[in-house]
1. Any chance you could count how many residues in the stretch 118-162 are farther than 23 Å from residue 197 by Cα and of a type outside the set (Val, Ile, Thr)?
2. In the stretch 147-160, what residues are in a loop (DSSP other than H, G, I, E, B) and of a type in the set (A, V, I, L, M)?
3. Scan the stretch 291-303 and report the pairs whose first residue is modelled with pLDDT under 95 and among the aliphatic types (A, V, I, L, M) and whose second residue is surrounded by 12 or more Cβ atoms within 10 Å (Cβ to Cβ) and part of a loop (DSSP other than H, G, I, E, B), with Cβ atoms within less than 9 Å and a gap of 6+ or a chain change.
4. Could you list, in sequence order, all residues of the stretch 130-146 that are at pLDDT 95 or above, surrounded by 10 or more Cβ atoms within 10 Å (Cβ to Cβ) and not in a loop (DSSP other than H, G, I, E, B)?
5. Looking at the stretch 79-95, which of its residues are crowded, with 23+ Cβ neighbours inside 10 Å and in contact with a helix residue (DSSP H, G or I) (Cβ under 8 Å, 6 or more places away or on another chain)?
6. Among the residues of the stretch 91-107, which ones are small (Gly, Ala, Ser) and assigned to a loop (DSSP other than H, G, I, E, B)?
7. For the stretch 200-302, which fully contained strands (runs of 3 or more DSSP E) count at least 2 residues that are basic (Lys, Arg) and loosely packed, with under 13 Cβ neighbours inside 10 Å?
8. Just name the residue that is modelled with the highest pLDDT out of those in the stretch 108-125 that are part of a strand (DSSP E or B) and touching an Asp or Glu at 6+ places or on another chain (Cβ under 8 Å).
Amino acid sequence: MNAPSIKSSDLVFFHYRKGDGQEKNCSKIHSLVTLNLCMMNEFIPSLYGGVTAPVAIRAEKAAAFVATYNPDIFLAQEVTLKSSKPLFEAMKKQYPHFWTGIGIQPGVKEADLFVASKYPIVSEPVFQPFPPEMQDKYQYPNNLNASYGDRLIERGFFAVETSTHWIVTTHLEPGSKEKGFPYRQKQLAFLTEKMDEIAGEKPYLLAGDLNLARTDDEANEYLASGIAEYYDDYFTREHPEFNDSTFTCTNLFTIRTNHQSEPSKESEKNEIDDYVLVRKTKKEAFKKFNVELLKGTYDLSKDPSEAITDHRAYLAQYEVD
């Protein structure tokens, strides 16, 4: 089927862009990469991620990084409509289908999600915003509220259907365990309930930045979040440790770029926030599921200006019956 340039359902919008890459038949073996690219507008990446190189430069590096693994679908978080333009240009030879500007008002109120796919389009993708009461309100520095209102991101989840399964990505609420965790716990439950309705009998997986800290101290939100009830987490089962072999995000670039004092607790320096999960009720459909943490997106021994982002990527490879 021909994909529309914009799909709308009441207040929900996203842009479709056609790339030059070749479609791949939805075979038994699949692969995906998920990565928070910290490509929000203006100076926000340096303020909240510590990465300082221009988006255009980081987009070229990100495209080359993803091309190394050549996944069937690439899921990115913290990519605005504006920053998606150089990323699309850098990746358009790799993929035939792109969705950008995902959110209730592209360019203004966005979920900051970006998807590039080789799969044939079998149905229109779905964007589901989280209800306003499931999202916090913020007071930002540097007069950011004047431009963005109560929040930089209007959050929700985006789902793409293939011939065998659904692929879902999201970026849940940030913030401390006391302030942010109640929101992301509700968002995860909401997403799961809605996707159960959308997917029906088809299996689905969830990949993205859930901001649910998995640590080895009192800050651990992982068990309380509901993940273990809703999803199978292959990576955590194989790698339960909390160290550099499992960290998916660093706060050290933010600390160094903004001249802050370095904390003593490891969980305040580095985090595990990103996941690739399979819905438990349909897990039997997924076979030979392997998730690998990819470390080529930043190097803490180098200047933040050389980093692609402050997050690491996951590569998932699996089969679907």
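The values are calculated or read from the model by the stated rules, or taken from the named source; none is laboratory data. Keep in mind it's a predicted model, so treat the numbers as computed, not measured. Quick reminder, even Gly has a Cβ in these numbers, built from the backbone with ideal geometry, and neighbours come from all protein chains shown.
1. Of the residues in the stretch 118-162, 18 are farther than 23 Å from residue 197 by Cα and of a type outside the set (Val, Ile, Thr).
2. Across the stretch 147-160, the qualifying residues are 152, 153.
3. Nothing qualifies.
4. Result: 134, single match.
5. Result: 79, 83, 87, 91.
6. 107
7. 286-294
8. 117
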